[in-house]
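The values are calculated or read from the model by the stated rules, or taken from the named source; none is laboratory data. This one's a predicted model, so the numbers in the text were calculated from it and none came from an experiment. Ideal geometry is used to build each Cβ from the backbone, glycine not excepted, and the neighbour counts take in all protein chains shown.
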Amino acid sequence: MILTLEEKSTLKSSFALLHAEDINIATCFYDNLFELAPLIEPLFKSERNNIENHFYELIRTAVNKVEHFEDLRPMLLALGKRHCAYGAKAAHFNIVKTAFILSIQYVLKGQCTAAMEQAWSKYIDNISQVMIEGIES
């Protein structure tokens with residue numbers, strides 16, 4: 001799905017809001033993910049802090065590259081292949097998206113808008129699609 005200029009702008013501005021909050025979006029995301037899908041948690045073997053840092057860096061990089069998504073493809077394909085080795089399945093990506101949207105809603109509270117949720121939903125779908133290609137290759 002191609003993101004509009006407005007959606008790209010919304011991603012950047014909402015990420016800046018997420019970054020400015022006292023609540024770590026990555027911590028909130030993993031709390032939500034493991035609550036929604038406890039059977040996924042054993043797939044994560046690294047220290048929680050490391051996992052959260054990697055996730056945050058992925059989101060930061062994705063936002064920074066939103067104007068040039070194709071530049072992310074090699075990294076996302078490789079990430080998908082690594083996740084396959086961990087036991088990740090294509091079916092996991094919908095719950096990942098749900099956990100992330102819930103995290104945005106929680107962290108931003110009253111600042112979260114439907115436009116933000118829509119932009120993130122589309123972008124997560126784009127990221128997931130490439131990672132799933134990596135899992136399936």
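Quick one: is residue 53 polar (S, T, N, Q), assigned to a helix (DSSP H, G or I) and surrounded by fewer than 13 Cβ atoms within 10 Å (Cβ to Cβ)? Spell out how you get there, then give the answer.
Details: polar (S, T, N, Q): yes; assigned to a helix (DSSP H, G or I): yes; surrounded by fewer than 13 Cβ atoms within 10 Å (Cβ to Cβ): no.
No: the conditions fail for residue 53.
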(request) Output the qualifying pairs, or none if there are none: Cβ atoms under 8 angstrom, residues six or more apart or on different chains, first residue in region 106-117 and among the small types (Gly, Ala, Ser), second residue part of a helix (DSSP H, G or I). (result) 115/6; 115/7; 115/10
(message) If I ask for residues that are modelled with pLDDT under 95 and in a helix (DSSP H, G or I), which ones from region 19-38 would you list?
(response) 19, 20
(message) Checking residue 91 against (1) free of Cβ contacts under 8 Å to residues at least 40 places away in the same chain; (2) in contact with a Lys or Arg (Cβ under 8 Å, 6 or more places away or on another chain), only one condition comes out false. Which one?
(response) (2)
(message) So, residue 103, is that one crowded, with 16+ Cβ neighbours inside 10 Å, of a type in the set (Ser, Thr, Tyr) and modelled with pLDDT of 95 or more or not?
(response) yes
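Condition check: touching a Cys at 6+ places or on another chain (Cβ under 8 Å) and either at pLDDT 95 or above or over 20 Å from residue 28 (Cβ atoms) (or both). Does residue 123 satisfy that?
Taking the combined requirement at face value, the residue does not satisfy it.
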(request) Within region 82-97, track down each residue that is buried (at least 16 other Cβ atoms within 10 Å of the Cβ), part of a helix (DSSP H, G or I) and over 10 Å from the mean Cα position of the chain (by Cα). (result) 83, 84, 92
(message) Quick check on this structure: which one of 79, 43 is within 16 Å of the chain's Cα centre (by Cα) and farther than 22 Å from residue 9 by Cα?
(response) 79
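In the list 34, 15, 44, which residue meets the criterion of being among the aromatic types (Phe, Trp, Tyr) and either out of contact with any helix residue (DSSP H, G or I) (no Cβ under 7 Å at 6 or more places or on another chain) or over 16 Å from residue 93 (Cα atoms) (or both)? Write out each step before concluding.
Working: 34 fails: either out of contact with any helix residue (DSSP H, G or I) (no Cβ under 7 Å at 6 or more places or on another chain) or over 16 Å from residue 93 (Cα atoms) (or both); 44 fails: either out of contact with any helix residue (DSSP H, G or I) (no Cβ under 7 Å at 6 or more places or on another chain) or over 16 Å from residue 93 (Cα atoms) (or both).
Among 34, 15, 44, only 15 is among the aromatic types (Phe, Trp, Tyr) and either out of contact with any helix residue (DSSP H, G or I) (no Cβ under 7 Å at 6 or more places or on another chain) or over 16 Å from residue 93 (Cα atoms) (or both).
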